[in-house]
Amino acid sequence: MSFTPPGFPAELRGGLPVVLVTGTSSGIGLALARELMQTDFRVVLTAHRRSIHKLEERGLTESSRVIIRAMDVTSKRDRDAVILEIERRWGGVDILINNAGVAYRAVMEEMSGVDEERQQDINYRGPMALCRRVLPHMRGSRWGRILNVSSVSGMMAMPTMGSYSASKWALEGASEALWYEMKPWNVRVTLIQIGFVHSQSFKNVRPPVARPHLEADRGPYREYYRNMGPFVEAKMQAAHATPEVIARRILSTLKRKSPPLRFPATKDARWFYFLRRMLPRRVYHLLMYLALPGRREWVQDK
Ligand SMILES: NC(=O)c1ccc[n+]([C@@H]2O[C@H](COP(=O)([O-])OP(=O)(O)OC[C@H]3O[C@@H](n4cnc5c(N)ncnc54)[C@H](OP(=O)(O)O)[C@@H]3O)[C@@H](O)[C@H]2O)c1
């Protein structure tokens, strides 16, 4: 797969952009990394220090046009070091793909302040700090693409996933504002909205620090966890969209002259959008509530 994104200045590196991706050690990020290795782009694959070794184990190695660097998206030092190196080597980042993300699974009452901060730092503050870091170069060359990986959770919320939703709603709001701000500079911002994916990512869902064993817990919300965890897991296992398909769809937006602000990358993302838009709010919320698994048993007698 080799192409020059429409409008990319031919005088810049012979028409070959520099693309930076975060969170490439697994799932969608790994699939994006594999796809990008097939292009002629200059590619910067980043992963958290704890899992950077997985890239080599999975056959991803450096070359004259591919570099692999450790980057915790929440660390200013990591972000600065990687961007500075790219600026010195290739002039700057033309395409930023903010893919890294985590999901905490806890009811709002059981999220601690620390959990909330981690959730927001990884899914919202880190990605936006990276945007800020690459924008001067993009504005300077009057061309840039920012792809922020969002979720259907950025348009709808589910019990036990409230903080995850909040982080994606924050990402959606900031990206929407950035879309207006950057359009005059020919820097396009796209939110990739993803629904359920057929992958093992549910294993990476984090419990809050204060209650590390939620499913076995005897707390007042135990039935919420007992029902919601397997419900989400089953939906993911039943999903048709794989990380590979999603990666190809994400990269297809780079072939568009005018990529949309919101790009649904799975069928269910499109479906949820229409559901939310077409139904009166009261009806929508009632239907979603009635569809919650085992909700009649959520509150147990003392
Ligand atoms: N899978 C789904 O059903 C789904 C649905 C909607 C949206 N999404 C979004 O899609 C994106 C990718 O998720 P995925 O499904 O591919 O999940 P995944 O397999 O769990 O991958 C997440 C990646 O983010 C990395 N990461 C986590 N914290 C990081 C940090 N502080 N700094 C740098 N990297 C970090 C992880 O690294 P480690 O391995 O080191 O933790 C991993 O490489 C996320 O933004 C997610 O919210 C996924």
Quick one: is SER112 closer than 30 Å to ASP40 by Cβ, of a type in the set (Ser, Thr, Tyr), more than 12 Å from the ligand (Cβ to nearest atom) and out of contact with any helix residue (DSSP H, G or I) (no Cβ under 7 Å at 6 or more places or on another chain)?
no
Report, by residue number, each residue of the range 4-47 that is part of a loop (DSSP other than H, G, I, E, B), under 25 Å from VAL197 (Cβ atoms) and among the hydrophobic types (A, V, I, L, M, F, W, C).
PHE41
Name the pairs: first residue in the range 48-77 and small (Gly, Ala, Ser), second residue at pLDDT 95 or above and buried (at least 17 other Cβ atoms within 10 Å of the Cβ), Cβ to Cβ under 8 Å, at least 6 apart or on different chains?
SER51/SER25; SER51/SER26; ALA70/THR46; ALA70/ALA47; ALA70/HIS48; ALA70/ILE52; ALA70/ASP78
When restricted to ALA234, ALA269, the only residue under 20 Å from TYR164 (Cα atoms) and free of Cβ contacts under 8 Å to residues at least 40 places away in the same chain is ALA234
Being crowded, with 20+ Cβ neighbours inside 10 Å and either over 18 Å from the mean Cα position of the chain (by Cα) or away from the ligand (no atom under 13 Å from the Cβ) (or both): is that true of ILE146 here?
yes
Sole residue being over 25 Å from SER175 (Cβ atoms) and either β-branched (Val, Ile, Thr) or surrounded by 17 or more Cβ atoms within 10 Å (Cβ to Cβ) (or both), chosen from PRO220, PRO207, PRO230
PRO207
Considering only the range 49-63, I want to know if a residue exists there that is away from the ligand (no atom under 13 Å from the Cβ), of a type in the set (A, V, I, L, M, F, W, C) and modelled with pLDDT of 95 or more.
no
Is there any pair with a first residue in the range 197-212 that is farther than 17 Å from VAL107 by Cα and a second that is within 9 Å of the ligand (Cβ to nearest atom) and in a loop (DSSP other than H, G, I, E, B) whose Cβ atoms are under 6 Å apart and which are 6 or more apart or on different chains, and what are they?
VAL197/ALA239; VAL197/ALA241; HIS198/ALA239
Across the range 1-30, what is the total count of residues that are on the phi > 0 side of the Ramachandran plot and buried (at least 23 other Cβ atoms within 10 Å of the Cβ)?
1
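The values are calculated or read from the model by the stated rules, or taken from the named source; none is laboratory data. Treat the numbers as computed from the prediction; the structure is a model and nothing was measured. As a convention, Cβ positions derive from the backbone with ideal geometry for all residues, glycine included, and neighbour counts pool all protein chains shown.
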